[in-house]
Amino acid sequence: MAPPNLQHRRTHNLLLISKLLNQRDASSPFTLVLDSLEQSGRPLLAEYLRRANASNVKTIFVSFETLRKPRAVDLFVSAWSQSLQAWQKEVMSLTKAHSSQREHPPFRTMRVPPDMLIVQAGKLLVFDSLNSLAATESANLPALLSSFISPTTSLLAVYHTDIHGRSSHSQENAYAPAPLTLLKYLATTIFTTHSLHHVLARKAARERSHVEPSFGLEEGIEGVLQGLGANGTNGVVLEMEHRRKSGRGVREWYSLPPSDSTSVATGKTRENVILLEDHPDYRSSDATLAEPPGGEAEAQYTFELGLTEKQRQDREGVVLPYFDAQKGGGEGGRILYDMGSEDDFDEEEDEI
Amino acid sequence: MSTRNRIPSPLEPYLRLPPEASLILLTGTLGCIPVWLTARFIASVLAPRQDVASSDEKGSATAVVLVSWMQDLAFWKKELRRMAGLDITKLVEQRRFSFLDCLSLHGISVSSALEQLEKTICDVIEQLKNSALGNVVLVLEYPDTLLATNSTTAHELSILLLRLRSRVRSTVLTCAADLPLLSATQGSPRNSHAFSPLETVTAAFLTQQASLARFVMSVRELDTGAAKDISGVLRVTRGGAAYDVDDEEQDSSSEVASEVDVREMEALYLVQRDGNVKVFERGTESGL
């Protein structure tokens, strides 16, 4: 039963992530990206910005720790150098200003389908780190964030999970929930980023019933800040939790390949996100990280010992004779015998 | 400048002049301090660059502002001469190097230290900027001392760093990454307890800077203890900002300084008595 189920899940969840990343139909007003030192959320932000550019969504980048304006961003607010009120005002005015400007869509109206028009009016507000905000404004964080969200503006915010929530030991908010808990509650979609290298290494260990390795800060080695394989160049693993309007949650693991310049150049976005299970390195269970596919064991023989995918499928598809006898139980002993053409039936033999 | 090539060849790609607006984090532990690495960074930045000199005379001029919360000028004078063959006095005269001793500066006024400090550092940067035409590299050695002396919070310190970083070409930051200073992170085994304020601020500061860094070079002691022919382990990992630079490279491939992709590595190193450093793979001979 597994293959059709997976097929269904694949189509369904790939559509969902494509909808989320393209910010279609205001599918997720508040997207929270939880990243760590082992895997930064930057590639995911870049992917969002790239798609926003492709579909003419205005992007406003509110920086709390970024020095230079990323290339793909339309408007840049350096919130770190300003007071809370100042940048709040600036962001507000930017979101307002552009919604009025956008009401008269310029030429090209003929070519875009109707649903694209709604997207055109949209804006994507990106916060590069909520940590400092959570530390200073933990009490009114929900109100502050929801004041930015509107039907046309969706919010994408990063939170570094390594940094421990409680920074102040003040008495007054001893009973308040931790900022991360609040944010997780507020968010409509949560992406947790993982390093592909680490995910593969953990899977390899799991399959051999070894203890799963830990990386970076979890290693607990003096002087180690990041593990080897952190922030790898060959893609990011995303753990998604999306809450539908009905309240039902969808969880899925995806693999986001590194953004290559060719897809940017061609413009039209072909979906490049795949399920983690479909990632070639993740799928092949016997190909471990360290040894290449053609390992030592295979090299010793001149003939092929393994099975190809088709051979294995064919083999699984073979229905063994008397298969139904294994299912039917409880009838006691029963002899199933088909007469062959060369068998000659001897009536007397039964009577002996 | 020394005639000998004092930069170990495996480290060469990392020690080049960093791309603009980048941050590089060097971390050490109590038993293993990255002074040799800092010295080589300074030497590499100040070294005459053959690749650019021919194309653009002005762009090749670089200067270093070294701000230390740990060592004084006499120490660095000695170390830079021993480790990298640099003559500080001459460089100061050429207005290519400036040293700020925050160890003693800090002692004078604790309360108003931060604003005072920022102004002092900015003044020094501006002075050098005129002669180096903008290519100033700021080296901050152990500014986390400010957290330890309770003169600032992690948030304020990172804002101060952002302000300083916006004035220079790139920044090299040295921090202590001992286990107790990182215990207040989410990944650590004991994260349910209440942490002391110092644990919280240092962990918050360090992890934030690591997520902003282009790459992190951390030195630590050998897991198996002290050894005669190995000083420690050097690990280079890609920080959170490694992706930003990669994106830029795709667009402007002509930029010479930033064309190197950051590769992670781990190697052993040995600081010899004469100040030379050998960097070698695990399992290979150190050449002694």
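The values are calculated or read from the model by the stated rules, or taken from the named source; none is laboratory data. Being a predicted model, the structure only gives us computed values, none of them experimental. Every residue, glycine as well, gets a Cβ built from its backbone with ideal geometry; the counts of neighbours run over all protein chains shown.
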query: Exactly one of (1) free of Cβ contacts under 8 Å to residues at least 40 places away in the same chain; (2) surrounded by fewer than 19 Cβ atoms within 10 Å (Cβ to Cβ); (3) not β-branched (Val, Ile, Thr) is unmet by A:GLU207. Its number?
result: (1)
- line: Exception for B:SER188 within (1) at the interface with chain A (Cβ under 7 Å from one of its Cβ atoms); (2) outside any helix (DSSP H, G or I); (3) at pLDDT 90 or above falls at (3)
query: Can you name every residue in the stretch A:49-59 that is assigned to a helix (DSSP H, G or I) and surrounded by 24 or more Cβ atoms within 10 Å (Cβ to Cβ)?
result: A:ALA52
message: Restricting to the stretch A:17-47, give me the number of residues that are of a type in the set (Asp, Glu), more than 14 Å from the chain's Cα centre (by Cα) and surrounded by 19 or more Cβ atoms within 10 Å (Cβ to Cβ).
response: 1
query: Does at least one position in the stretch A:74-87 carry a residue that is part of a loop (DSSP other than H, G, I, E, B), within 14 Å of chain B (Cβ to nearest Cβ), at pLDDT 85 or above and in contact with a helix residue (DSSP H, G or I) (Cβ under 6 Å, 6 or more places away or on another chain)?
result: no
message: For A:GLN88, only one of the following conditions fails: (1) over 21 Å from A:GLY249 (Cα atoms); (2) within 22 Å of the chain's Cα centre (by Cα). What is its number?
response: (2)
query: What are the residues in the stretch B:111-163 that are surrounded by fewer than 17 Cβ atoms within 10 Å (Cβ to Cβ) and either polar (S, T, N, Q) or in contact with a Gly (Cβ under 7 Å, 6 or more places away or on another chain) (or both), if any?
result: B:SER111, B:SER112, B:GLN116, B:THR120, B:GLN127, B:ASN130, B:SER131, B:THR149, B:ASN150
field: Sole residue being outside any helix (DSSP H, G or I) and modelled with pLDDT of 85 or more, chosen from B:THR207, B:THR237, B:THR152
entry: B:THR237
query: Where in the stretch B:46-126 are the helices (runs of 4 or more DSSP H), entirely inside, with at least 2 residues that are at pLDDT below 80, more than 17 Å from the chain's Cα centre (by Cα) and under 20 Å from B:VAL35 (Cβ atoms)?
result: B:102-108
message: Just to check your reading of the model, which residue among A:SER263, A:SER259 is touching a Pro at 6+ places or on another chain (Cβ under 9 Å), at pLDDT below 85, on the phi < 0 side of the Ramachandran plot and within 14 Å of chain B (Cβ to nearest Cβ)?
response: A:SER259
message: Checking the condition more than 14 Å from chain B (Cβ to nearest Cβ), hydrophobic (A, V, I, L, M, F, W, C) and over 17 Å from the mean Cα position of the chain (by Cα), which residue from A:ALA187, A:ALA204 passes?
response: A:ALA204
message: For the structure I just gave you, tell me whether A:ALA230 is touching a Lys or Arg at 6+ places or on another chain (Cβ under 9 Å), under 28 Å from B:MET265 (Cβ atoms) and in contact (Cβ under 8 Å) with a residue 24 or more places away in the chain.
response: yes
field: Flag for A:VAL62 being assigned to a helix (DSSP H, G or I) and more than 10 Å from chain B (Cβ to nearest Cβ)
entry: no
- prompt: Looking at B:GLN250, is it at pLDDT below 85, outside any strand (DSSP E or B) and within 9 Å of another protein chain (Cβ to nearest Cβ)?
  reply: yes
